[in-house]
1. Collect the residues in the range 80-94 that are surrounded by fewer than 16 Cβ atoms within 10 Å (Cβ to Cβ) and within 10 Å of G136 (Cα to Cα), keeping them in residue-number order.
2. Regarding E52, is this residue surrounded by fewer than 20 Cβ atoms within 10 Å (Cβ to Cβ), under 21 Å from the mean Cα position of the chain (by Cα) and acidic (D, E)?
3. Which members of the range 66-81 meet the condition of being among the hydrophobic types (A, V, I, L, M, F, W, C) and more than 19 Å from L25 (Cα to Cα)?
4. Identify, from the list G140, G96, G136, the residue that is in contact with a Lys or Arg (Cβ under 6 Å, 6 or more places away or on another chain) and modelled with pLDDT of 80 or more.
5. Which members of the range 41-58 meet the condition of being modelled with pLDDT under 85 and assigned to a helix (DSSP H, G or I)?
6. Tell me, which residue of the range 111-127 that is of a type in the set (A, V, I, L, M) and open to solvent by 30 Å² or more (accessible area, probe 1.4 Å) is nearest to the chain's Cα centre (by Cα)?
7. Can you find even one residue in the range 25-40 that is more than 25 Å from the chain's Cα centre (by Cα) and either assigned to a helix (DSSP H, G or I) or small (G, A, S) (or both)?
8. So in the range 59-76, with the set limited to residues that are surrounded by 14 or more Cβ atoms within 10 Å (Cβ to Cβ) and more than 24 Å from the chain's Cα centre (by Cα), which one is modelled with the highest pLDDT?
Amino acid sequence: MSFLHKSEQHVEDLMDLGGPVMWPLLAVSLLLWTLVLERYWFFLRTLPRFLERRVPLVRSPAAVIEMKIALRRHLRLIRTLSGILPMLGLLGTVTGIIETFDLIRVFGSAETRIVARGVSQALITTLAGLVMGLFGVGVGYNLNRRARAFERRYADRLRQP
């Protein structure tokens, strides 16, 4: 069995163990990663080229506003998604506990296997939501800091004669 196939199997197992809330967690995480990668591409590749071409030519207030909008694009959404992820993890926790109590009600006893599966589902979704949310908060802070630094650098260049 190849490494890629084993990795796919581990992801599928994790998604199954985490329950139905893992799919929205995955979708929001992928959106977050996409936005984060786009922002880093912008700060590391697009923005420096833009500044080299346009700064000596443009000194209008409209250009400054346009630059601030470009710098801040998607940062609010990144912060929002970072806050949604732990809430989705909490939703998975609640659904796992509800499922556990429902199974206990149906089978009439708190069999260890039944309880362990529900608690496992609850903890996996909580962990996934917290890890991805913390990642988003840290990266969002870094991107915000980069935006402020470029705003200051761009403003300094505009003041030069």
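1. T80, G83
2. So E52 fails the test.
3. Passing the criteria: M67, I69, A70, L71, L75.
4. Unique residue meeting the criteria: G140.
5. Matches in the range 41-58: L47, P48, R49, F50, L51, E52, R53, R54.
6. Once the filter is applied, the top-ranked residue is L127.
7. No - not one qualifying residue is present in the range 25-40.
8. Initially, the range 59-76 is screened for residues surrounded by 14 or more Cβ atoms within 10 Å (Cβ to Cβ), giving 63-64, 67-68, 70-75.
Still in the running and more than 24 Å from the chain's Cα centre (by Cα): 63-64, 67.
Numbers: A63: 71, V64: 71, M67: 77.
Step by step, filter the range 59-76, then rank; the result is M67.
The values are calculated or read from the model by the stated rules, or taken from the named source; none is laboratory data. What you are looking at is a predicted structure, and each value in this text was computed from that prediction instead of being measured. As a convention, Cβ positions derive from the backbone with ideal geometry for all residues, glycine included, and neighbour counts pool all protein chains shown. These accessible areas exclude ligands, DNA and RNA; they are computed on the full protein's heavy atoms, side chains included. Shrake-Rupley method; radii C 1.70, N 1.55, O 1.52, S 1.80 Å.
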